[in-house]
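A.B. asks: Got a structure here, written out as structure tokens. Questions coming.
The values are calculated or read from the model by the stated rules, or taken from the named source; none is laboratory data. Computed from a prediction, not measured in an experiment: that's the story for all the values here. Here Cβ is always computed from backbone atoms with ideal geometry, including for glycine, and neighbour counts include all displayed protein chains. For the accessible areas, the whole protein counts, side chains as well, though only heavy atoms, and no ligand, DNA or RNA atoms are used. Shrake-Rupley method; radii C 1.70, N 1.55, O 1.52, S 1.80 Å.
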Amino acid sequence: MRDWTRRDLLKTGISTTAALAGSARAFAQSPDAGNSPNEPGQFLRERLLLDFGWRFHLGHADDPARDFEFGANGETFAKSGAFAPPCRTNFDDSAWQKIDLPHDWAVELPFENAKPLTSHGSKPLGRSWPATSIGWYRRIFSVPASDAGRRIALEFDGVFRDSVVVLNGHYLGRNLSGYAPFRYDVSDFLSYGGQNCLAVRVDATLNEGWFYEGAGIYRHVWLTKTGPLHVAHHGTYVRTDVENGAATISIVTEIENDSDAAKPCRLISNVLDDHGNSVAEARSDEVTVPAWGRWRFEHRANVREAHLWSIEQPYLYRLISSVESGGPLDRLETPFGVRTLRFDAAEGFFLNGKNVKIKGTCNHQDHAGLGSALPDRVQYFRIERLKEMGSNAYRTSHNPPTPELLDACDRLGMLVMDETRMESSSPEGLSQLERMVRRDRNHPSVVIWSLANEEGYDQGKERGARILTTMKRLVHELDPSRPVTTAMNGDWGGGFTLVEDVQGFNYNNEKIDAFHQKFPRMPSIGTETASTVSTRGIYSNDKEKGYVSAYDLNFPPWACTAESWWKLYDARPFLEGGFAWTGFDYRGEPTPYGWPCINSHFGIMDTCGFPKDNFFYYQAWWGSKAVLHLFPHWNWAGQEGQEIDVWCHSNLERVELFVNGQSAGAKNVERNSHVSWKVQYAPGAIEARGFQGGREVLRVKRETTGAPAGILLHPDRLNIAADGEDVSMIAVEVVDDRGRMVPTADDLITFTVGGPGRLIGVGNGDPSSHEPDKASQRRAFNGLCMAIVQAAKQAGTITVTATASGLKSVTATITCDPATLRPAVS
């Protein structure tokens, strides 16, 4: 195995596969396909979405009789096909709630002020709340008789948590992880030509994290069909080497033969550019795959003048893997990118030979109005917001992400630190790790694996080194192209440090230089930094309300300001960069205050994605455009004559402040810093003028507004797909009679949706709001709130009307364009 601790740690080029809906995209079965799954000339693979048409009911773990006799009579496992009443087709679920996936039932629970719930968003889940911690899902579906003889599998992208899956009364298995994907081959248990009952019991009593994790089937479910001879699940792996502009593509493809007879076949690997043109191809000789066995094909192909995947130009190729024997038996499409990586202990991180400072954020997966059940489009919305801020990297804290997040990073150009949840070399821990790596190793966005986070019991110990050695060995067997790291908040130099490829620093900035002097050949990265706390639109600490000033001043004892961490990291070439905690606020971990606060203040944006003032600090020093951001607002009734701190985040050379037309002085802007003044408040306006090369280039103003008079709606997209999944994120502003946002407004906004769409969530970013996320109304917080509208499956026009007492109402129109629906289970 290669020595990954050398200075030029990673020189290998990688190409990776990003798949639609988080997996390699399959071609649908040909409409004229025959009945025999062994007959050549068919495309036998189908991947069908199983998100629509479910029924849901909360169970009762404390009372087995109420929990549909689950285990009540001791016969649950006694007879196959009779697991529990809800798992049978004749069970009456008419009183159950109709839902579509993804689904998070925890987000709809009321908030409760109970200490055990604080870290989890104050939602009643756990041993003391059994009636709200167990959920049952049912889905009746049919499978045509012609599918007999095919291999059919159920695939779950993620269920939180501890799921028991039963098909037609037959127990399939139990999955503990709330984040790792899992699947079951159900070929033997289906009723071909008839109805089938899929039941899933989900137990969210125990947690895996110390933050809001949601509850339920909160990611996609799929039904995959293949012929007996097919590409194995997550069975493609693509790497590339790049030299003089040409790419050598190395392809490993595993073929499975799930039949009683040995079968001959050959594999064709065809590489397509983003226009669908073939640019390289490799063909194998015919081989015989043994009955119930596997065959590993290794292909190499060359692409001249290859387009490289980069942050600025995230170019994707596609690999078409065709299994043939006298005709096509299986065909699989795998998107991938061509790029090179190098982690250098002295000079930092290199992408395609170019030194790139990692400007990252850590993030949990929940969003205002939705909890953890995010439609795919929301993943893109969140990455777009981070890119706008100037960020180029994303850490999936602290768990494997949903596949669609990686798709968004692939397509938008965002580097990823992909992190497993369980630091363990136990069978369960290694299983979760392997499932993550096999699924994600083909994404060009993923540049490094994270195997642990702040494991105080192990990170500095010899035992921890043993555990990590086994984990690292597995990762490098599955993917020798990327390094591994761990996020260590102490014990640097021992334990994990002796095993990992890249040293991960969590906080402790004052110890970084000493570590580098002692381990000069060890690449290093800030796996978690900052943890600055602030509340959008608030400019003084208020413990009673649970708010923290938005100036870059407040942080917990282990943390620091945005300015202090970034100054340190930007000044040290040996640091690859770092990941600030966090890009977005999230539910749970209310710091520094508890109730009524129910979510964190760490975000650079709030839970809706509305920027806090620190957003513009990062935009100034991470981005490429000129920035001039002035704050606070200028509505301070009752504070006339009092001093107000006025700050400006800017990357211009010089900024001059004017108060009601009078200059308060000009100041030079130090790199990675801000400028500030103290001025007496008087109603009117403050204005900042920014200068570059002695010339004024930008001017911004904050005015004292009038009272709330109206509403403005700002959909992030005016056209969405009529596919039953797409969404428009609608920012809502309360404005005065001159159309200026009122920065202190808290009016209650009511939403009415007409046409082929529905309101699926509301939010406002208020960390102390106890309003429901699933509702037709939301109070503005400091002038803003958000409505999330989802399209139906019919084309047409959605109208969204916002009203509030005493305010002029407004209507936004969103067009639902005709769309081809994803293949789905009927």
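A.B. asks: With axes computed from alpha carbons, what is the tilt in degrees of helix 462-478 against the longest principal axis of the chain, rounded to the nearest 10 within 0 to 90?
C.D. replies: It is inclined by approximately 60 degrees.
A.B. asks: Right, another one. Ignoring ligands, DNA and RNA, what percent of the accessible area of the stretch 356-443 is carbon or sulfur (1.4 Å)?
C.D. replies: On the way: 820 of 1590 Å².
Ligands and nucleic acids excluded, carbon and sulfur reach 52 percent.
A.B. asks: When the Karplus curve 6.51 cos²θ - 1.76 cosθ + 1.60 is applied with θ = phi - 60°, which whole-Hz ³J(HN,Hα) does each residue of the stretch 618-634 get, with x for Gly and Pro?
C.D. replies: 5, 4, 5, 9, 9, x, 10, 9, 5, 10, 9, 10, 10, 7, x, 5, 10
A.B. asks: For a label point 7 angstrom out from the Cα of W558 toward its Cβ, which stretches of the stretch 342-362 have the backbone nitrogen within less than 19 Å?
C.D. replies: Under cut-off, by backbone N: 361-362.
A.B. asks: Can you compute the label reach from R740? Point 7 Å from Cα along the Cβ direction, backbone N cut-off under 20 Å, restricted to the stretch 533-550.
C.D. replies: Residues 537-539 qualify, since their backbone N sits under 20 Å from the label point.
A.B. asks: What accessible area per residue comes out for the stretch 625-717, rounded to a whole number of Å², with a 1.4 Å probe? Present the calculation step by step, with values, prior to reporting the outcome.
C.D. replies: Values: 4420 Å² over 93 residues.
The answer is 48 Å² per residue.
A.B. asks: From largest accessible area down, sort Y317, Y457, Y593; use a 1.4 Å probe on the protein chains.
C.D. replies: Working: Y317 5, Y457 185, Y593 35 Å².
Final ranking, largest accessible area leading: Y457, Y593, Y317.
A.B. asks: Given 0.36 nm per residue, what is the gain on full extension from H60 to L206 after removing their alpha carbon distance, in nm?
C.D. replies: Working: separation 146, 0.36 × 146 = 52.56 nm, distance 1.47 nm.
Taking H60 through L206 to full extension adds about 51.1 nm, to one decimal.
A.B. asks: Treating cross-link reach as a plain straight distance, find the aspartates and glutamates whose alpha-carbon is under 15 Å from the alpha-carbon of K354, omitting any fewer than eight places away in the same chain.
C.D. replies: D8, E243, E312, D344, E576
A.B. asks: Let's see if you can work this out: charge +1 on each Lys and Arg Cβ, -1 on each Asp and Glu Cβ, no other charges. What is the dipole magnitude of the chain about its Cα centre, in debye to the nearest 20?
C.D. replies: 780
A.B. asks: Round to a whole number: what % of the accessible area of the stretch 546-680 belongs to carbon and sulfur, probe 1.4 Å?
C.D. replies: Values: 2200 of 4510 Å².
Answer for the stretch 546-680 is 49 percent, counting heavy atoms of protein chains only.
A.B. asks: Okay, next question. Among 288-294, 525-531, 269-275, 649-655, what's the highest-first ranking by average C-beta atoms within 10 angstrom per residue?
C.D. replies: Working: 288-294: 13.9, 525-531: 27.3, 269-275: 17.1, 649-655: 22.0.
The packing order, highest mean first, is 525-531, 649-655, 269-275, 288-294.
A.B. asks: In addition: Run the dipole for the stretch 180-274 about the Cα centre, Lys and Arg Cβ at +1, Asp and Glu Cβ at -1, nothing else charged, and hand back the magnitude in debye, nearest 20. Present the calculation step by step, with values, prior to reporting the outcome.
C.D. replies: On the way: 7 positive and 13 negative charges, 54 e Å.
In debye, rounded to 20, the stretch 180-274 gives about 260.
A.B. asks: Would you please give the residues with an amide H less than 5 Å from that of G526, counting only those at least 5 places away or on a separate chain, with H modeled from the backbone geometry?
C.D. replies: For G526, the qualifying residues are F505, E576, G577, G578, F579.
A.B. asks: Report, in degrees rounded to the nearest 10, the 0 to 90 angle that the Cα long axis of helix 403-412 makes with the longest principal axis of the chain.
C.D. replies: Around 60 degrees separate the two axes.
A.B. asks: Ok, one more. For the chain, what relative contact order do you get, as a whole percent, if you take Cα pairs closer than 8 Å and at least 6 residues apart?
C.D. replies: Numbers: 2308 pairs, mean separation 93.3, N = 826.
Answer for the chain is 11 percent.
A.B. asks: Continuing with the same structure: Of K357/K701; K98/K774; K359/K701; K98/K793; K511/K545; K357/K387, which pairs sit farther than 25 Å apart, going by alpha carbon to alpha carbon? Walk me through the numbers on the way to the answer.
C.D. replies: Working: K357/K701 33 Å; K98/K774 15 Å; K359/K701 29 Å; K98/K793 17 Å; K511/K545 36 Å; K357/K387 14 Å.
The answer is K357/K701; K359/K701; K511/K545.
A.B. asks: Per Stokes-Einstein, at 10 °C and 1.306 mPa s, what whole-number D in µm² s⁻¹ belongs to the chain, with the Kirkwood radius over Cα pairs as the hydrodynamic radius? Before the final figure, lay out each step's value.
C.D. replies: Working: Rh = 28.3 Å.
Here the translational diffusion coefficient equals 56 µm²/s.
A.B. asks: Let me ask something else about it. Using mean Cβ contacts within 10 Å as the protection proxy, how do 207-215, 798-806 order, highest first? Spell out each step's value before the answer.
C.D. replies: On the way: 207-215: 22.7, 798-806: 17.2.
My ranking of the peptides, most packed first, is 207-215, 798-806.
A.B. asks: Using a probe radius of 1.4 Å on heavy atoms only, what accessible surface per residue do you get for the stretch 397-498? Whole Å² is fine. Each step should come with its number before you reach the end.
C.D. replies: On the way: 2660 Å² over 102 residues.
I get 26 Å² per residue for this part.
A.B. asks: Karplus couplings for the stretch 791-802 from phi (6.51 cos²θ - 1.76 cosθ + 1.60, θ = phi - 60°), rounded to Hz, Gly and Pro as x?
C.D. replies: Whole-Hz 3J(HN,Hα) from phi for the stretch 791-802: 6, 7, 9, 10, 5, x, 10, 9, 10, 10, 10, 10.
A.B. asks: Order of 783-794, 232-243, 539-550 by packing, highest average Cβ count within 10 Å first? Spell out each step's value before the answer.
C.D. replies: Values: 783-794: 23.2, 232-243: 21.0, 539-550: 17.0.
For the peptides 783-794, 232-243, 539-550, the packing ranking is 783-794, 232-243, 539-550.
A.B. asks: Additional query: Would you mind calculating the gained length between A792 and Q195 on full extension (0.36 nm times residue separation, minus the Cα-Cα distance), in nm to one decimal? Mind dumping the intermediate values first?
C.D. replies: Details: separation 597, 0.36 × 597 = 214.92 nm, distance 2.60 nm.
Fully extending the segment from A792 to Q195 adds 212.3 nm.
A.B. asks: Sequence-distant or interchain residues sharing an amide H contact under 5 Å with G59, placed H: which?
C.D. replies: For G59, whose amide H was placed from the backbone, the distant partners under 5 Å are I134, G135, W136.
A.B. asks: Based only on Cα atoms, what Rg/Rh ratio does the stretch 151-270 have, Rh being taken as Kirkwood's radius? Present the calculation step by step, with values, prior to reporting the outcome.
C.D. replies: Numbers: Rg = 18.9 Å, Rh = 17.3 Å.
Checking Rg against Rh, the ratio lands at 1.09.
A.B. asks: So what is the relative contact order for the stretch 92-227, in percent, with contacts set as C-alpha pairs under 8 Å and at least six apart? Numbers along the way, then the final one.
C.D. replies: Details: 287 pairs, mean separation 48.2, N = 136.
Worked out over the stretch 92-227, it gives 35 percent.
A.B. asks: Something else about it: Give, as ranges by residue number, the residues of the stretch 729-772 whose backbone N falls under 16 Å from the point 7 Å along Cα→Cβ of L412.
C.D. replies: Under 16 Å, as judged by backbone N against the label point of L412, lie 729-731 of the stretch 729-772.
A.B. asks: The stretch 204-361: Rg/Rh from Cα coordinates, Kirkwood Rh?
C.D. replies: Details: Rg = 19.9 Å, Rh = 18.5 Å.
Expressed as Rg/Rh, it is 1.08.
A.B. asks: So, one more: Give me the percent of the accessible area of the stretch 753-826 that comes from carbon and sulfur atoms, probe 1.4 Å, all protein chains in place.
C.D. replies: Values: 1520 of 3040 Å².
Percent of accessible area from carbon and sulfur atoms in the stretch 753-826: 50.
A.B. asks: While we're looking at this one, here's another question. Amide H neighbours of L807 under 5 Å, counting only residues 5+ apart in sequence or on other chains, H built in-plane at 1.01 Å?
C.D. replies: When sequence neighbours closer than 5 places are left aside, there are no close amide H contacts.
A.B. asks: Nearest 10 degrees is fine. How inclined is helix 376-389 to the longest principal axis of the chain, computing both from alpha carbons?
C.D. replies: Approximately 40 degrees, to the nearest ten.
A.B. asks: Can you compute 3J(HN,Hα) from phi for each residue in the stretch 253-269, using the Karplus curve 6.51 cos²θ - 1.76 cosθ + 1.60 with θ = phi - 60°, rounded to whole Hz and x for Gly and Pro?
C.D. replies: Calculated HN-Hα couplings, in order: 10, 9, 10, 10, 10, 8, 8, 7, 10, 5, 9, x, 6, 9, 10, 10, 10 Hz.
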